[in-house]
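**Student:** There's a structure below that I have some questions on.
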Amino acid sequence: QVQVVESGGGLVQPGGSLRLSCAVSGIAFSLYSMAWYRQAPGKQREWVAAITTGGNTNYADSVKGRVTLSRDNTKNTVYLQMISLKPDDTAVYYCNAQRGVFSHWGQGTQVTVSS
């Protein structure tokens, strides 16, 4: 049974910080690339960040400089550290694990940036 579980979302003021977590079980975590996506109401799902099995990271221009993606293979967990949050960051954030043809998604965690 594969489980991808996001957590850490919530309400934060503009300029605030938040750390999202994605705990994975049921797969060989270290062999999977991990990524975060987000979807705001009425909008398409947007890619946010990705990290390879080797630890290389890539970020969308919209979050570059404000977001850091990391992984802890001993805990089967990836983290999305977000700072200087903006109202436009408001969305449901989804965690994805991918290896070849296999792709697993979490249920999402809500991030709301509002004063």
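The values are calculated or read from the model by the stated rules, or taken from the named source; none is laboratory data. Predicted, not measured: the structure shown is a model, and the values here were computed from it. Neighbour counts are summed over all protein chains in view; Cβ atoms, including those assigned to glycine, are modelled from backbone coordinates with ideal geometry. Protein only, heavy atoms only, side chains kept; ligands, DNA and RNA dropped before computing areas. Shrake-Rupley method; radii C 1.70, N 1.55, O 1.52, S 1.80 Å.
**Student:** Could you grab me the full set of residues in region 93-114 that are of a type in the set (A, V, I, L, M) and either in contact (Cβ under 8 Å) with a residue 60 or more places away in the chain or buried (at least 18 other Cβ atoms within 10 Å of the Cβ) (or both)?
**Tutor:** Scanning region 93-114 gives ALA97, VAL111, VAL113.
**Student:** Search region 17-29 for residues being surrounded by 14 or more Cβ atoms within 10 Å (Cβ to Cβ) and without any contact (Cβ under 8 Å) to a residue 60 or more places away in the chain, and hand back the single one that is nearest to the chain's Cα centre (by Cα).
**Tutor:** Per the stated criteria, the residue is SER21.
**Student:** Picking from LYS64, LYS75, which residue would you name as being within 18 Å of VAL5 (Cβ to Cβ), open to solvent by 90 Å² or more (accessible area, probe 1.4 Å) and of a type outside the set (Ser, Thr, Tyr)?
**Tutor:** LYS75
**Student:** Please go through region 72-92 and pick out each residue that is under 18 Å from GLY106 (Cα atoms) and either without any contact (Cβ under 8 Å) to a residue 24 or more places away in the chain or β-branched (Val, Ile, Thr) (or both).
**Tutor:** Within region 72-92, ASP72, THR77, VAL78, THR90, VAL92 qualify.
**Student:** In this structure, is ARG71 more than 14 Å from ALA97 (Cα to Cα) and modelled with pLDDT of 95 or more?
**Tutor:** Judged against the criteria, ARG71 is not a match.
**Student:** Further question on the same structure: Here are some residues: PRO41, PRO14. Which one is under 23 Å from SER114 (Cβ atoms) and surrounded by fewer than 12 Cβ atoms within 10 Å (Cβ to Cβ)?
**Tutor:** Every option except PRO41 fails the conditions.
**Student:** Here is a list of conditions, (1) charged (D, E, K, R); (2) part of a loop (DSSP other than H, G, I, E, B); (3) more than 20 Å from ALA28 (Cβ to Cβ), and ASP88 meets all of them except one; can you say which number that is?
**Tutor:** Condition not satisfied by ASP88: (2).
**Student:** Right, next: Take the residues of region 1-18 that are assigned to a loop (DSSP other than H, G, I, E, B) and over 21 Å from THR90 (Cβ atoms): which is modelled with the lowest pLDDT?
**Tutor:** GLN1
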